[in-house]
Each structure stands twice: as C-alpha cells, then as structure tokens.
Amino acid sequence: MRRWTLAVTALLVSIGLTCTEVKDAAAQSPDRTFHFGFKRSQNGQLPSINEEGFKDVIDRNHAVFLGDTKQKEIYLTFDNGYENGYTKPILDTLKAKQVPAIFFVTGHYVKDQPELVKRMVAEGHLVGNHSWSHPDMSAISDGQIKTELERVRAAVAKLTGIEKMEFVRPPRGIFSDRALKASNAAGYRSIFWSAAYKDWDTNDQRGAEYAYQKVMSQLHPGEVLLLHSVSKDNAAALGRIIDDTRKQGYTFKALTELPKP
C-alpha cells in the first residue's frame, strides 16, 4: 500500500500539483487509514469529531458516532474479543435492570463462548460483528473484509438461529473510506462511539469507582457508550452507572432504534 501511495504521489507531482495539493489528494484517498478518536464530552456538552480529519468519511458511509443528540438516550455497547469472566455478571446486571445492549464478538469469542453468545440473544440483546480475526480492516482487501464478517455472521447464526447481522465495529477503531464502504456492501452499518475510557487493559484496573466516574463524566444526549467486557471494573460499576444515568433522565436504547441514515 505504501509503494502504491508513493507512486501516486510521484505521478501527481509530475503533472504539476503542489505539495499542498498532493497532501489534500492523499487525505481524500479511499485507502487512507484513520484511527478513531474524538473530543470527549464534558459537563454534558456534546463530544466532537470535527477536528479529527475523518468526519466526512464517517458521514458519507453512514457510520455511527452519535445517536439522536436531541434526546437523553444512551446506546450501550460492549466489545467482546475474548472472555475474562465478567460477561456473565454483566448480563446478570442488564437482565436485572432491563437494559438492552449490543455485544460485538470476534470469531475467537464465538468459538470459545457459545453459551454466552446464545444467552445474549435469548435475553434480547444484539450481537454485533467485530470480525473473525480482529485485523486492521484498512489493510485487507474488500474480499477479505467480506470473509471476515461473513464467518462471524454464519457462526452466530448457527448458534442462535439469527441469520442477519446489522452492525459492525471495526477492530481497534482502525478504518478507511474503502473499508467502511466494503462493510456497507456486506450489509453492515459501522458503529464507533462517543464515550469510552481506557478499560481494556486487564493489568490496569483501578476499581469500580474509577470506572463509574469515567463513564458518568462523559454523559451526553445520543451517547454511544463503548465498554470492554474484560474489565472487572465495568462489571462492578455497571449497575450503579445504569441507576444514576436513569436518575438524570436518560433512557437506554438498542442500536436498532438509531435514526435511519
């Protein structure tokens, strides 16, 4: 890919474009790789991706960063790359609180934890696609993207009987315009997030109070909250997060209730 980019750059320069024009052209390349990031919400203000350089890519591919920002609603999403013993208590809490969620699963998770995947569906949650092998989706071909997604969909369908998957989360938040288009072509809407914190490092768990404060400090209308199910802090704090979020007038919704593109 780098060799191709250098060749295109040399061609553009050879036909008389300035360096600035070449950089602008490269920025619009469908293969330009982005790492999702955002300006965090503070004091109830909306987060922003306006300065990240990829807002137009997100918008034209109907990818999701926020829900309806006029409504005090939250979309609860979990990434499940592997099991660390905390998905069961997370599901227990969601069931007790009657809160819908989506779990983005990898091929490893489906193979390793079939009973938990079946329980997610049985209890009314969505199962989303997190790819089969968790690759950088911007670095593989359209055909490989389709295969990565189809393997997960087929495996979950075999377990649960649910044939259709609507939502995908690009592994590690790495994407390109082309990768999002390929996911769209496979029938998926890409889901990013508008609230998150460093919760995935199992060697850096800081307690339920820390998790609670990190989540509650970012609360905002139309929130798409990303949590990792490997975090013991998340599992311990989840019930309190749900209760106190509701006290502030928020409603938890399923991704299927998102505004249509």
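Go through the residues of region 117-130 one by one and say whether even a single one is small (Gly, Ala, Ser) and over 19 Å from PHE252 (Cβ atoms). No: zero hits. Taking every residue in region 116-127 that is among the charged types (D, E, K, R) and at pLDDT 95 or above and pairing it with any residue that is open to solvent by 60 Å² or more (accessible area, probe 1.4 Å) and assigned to a helix (DSSP H, G or I), at least 6 positions away or on another chain, the pairs with Cβ-Cβ distances below 8 Å are GLU123/LYS95. Quick one: would you say THR106 is surrounded by 14 or more Cβ atoms within 10 Å (Cβ to Cβ), under 22 Å from THR245 (Cα atoms) and in contact (Cβ under 8 Å) with a residue 40 or more places away in the chain? Taking the combined requirement at face value, the residue does not satisfy it.
Any chance region 12-33 includes a residue that's open to solvent by less than 40 Å² (accessible area, probe 1.4 Å), among the acidic types (Asp, Glu) and modelled with pLDDT under 95? Yes, the conditions are met somewhere in region 12-33. Scanning region 168-195 for residues that are open to solvent by 10 Å² or more (accessible area, probe 1.4 Å) and at positive phi yields ARG172, GLY187.
Within region 199-226, if we keep just the residues that are over 21 Å from SER131 (Cα atoms) and without any contact (Cβ under 8 Å) to a residue 12 or more places away in the chain, the residue that is most open to solvent (accessible area, probe 1.4 Å) turns out to be ASN203.
A search for C-beta distances below 6 Å between a residue of region 130-144 that is in contact (Cβ under 8 Å) with a residue 12 or more places away in the chain and on the phi > 0 side of the Ramachandran plot and any residue that is surrounded by 14 or more Cβ atoms within 10 Å (Cβ to Cβ) and of a type outside the set (Lys, Arg), counting only pairs 6+ apart in sequence or on different chains, returns SER131/GLU148; SER131/PRO171; HIS134/THR106; HIS134/PRO171.
Going through (1) within 22 Å of LEU91 (Cβ to Cβ); (2) surrounded by 21 or more Cβ atoms within 10 Å (Cβ to Cβ); (3) β-branched (Val, Ile, Thr) one by one, ILE145 falls short only on (1). Please verify whether ALA101 is of a type outside the set (Asp, Glu), surrounded by 14 or more Cβ atoms within 10 Å (Cβ to Cβ), within 22 Å of GLY239 (Cα to Cα) and at pLDDT 95 or above, treating the condition exactly as stated. Spelling it out, ALA101 is indeed of a type outside the set (Asp, Glu), surrounded by 14 or more Cβ atoms within 10 Å (Cβ to Cβ), within 22 Å of GLY239 (Cα to Cα) and at pLDDT 95 or above. The numbered conditions (1) closer than 27 Å to ILE242 by Cβ; (2) β-branched (Val, Ile, Thr); (3) out of contact with any Leu (no Cβ under 7 Å at 6 or more places or on another chain) are all true for VAL99 except (3).
The values are calculated or read from the model by the stated rules, or taken from the named source; none is laboratory data. Note that the structure is predicted; figures quoted are calculated from it, not measured. Reconstructed Cβ throughout: ideal geometry from the backbone, glycine too, with neighbour counts over all protein chains shown. What goes into the accessible areas is simple: the full protein's heavy atoms, side chains included, and nothing from ligands, DNA or RNA. Shrake-Rupley method; radii C 1.70, N 1.55, O 1.52, S 1.80 Å.
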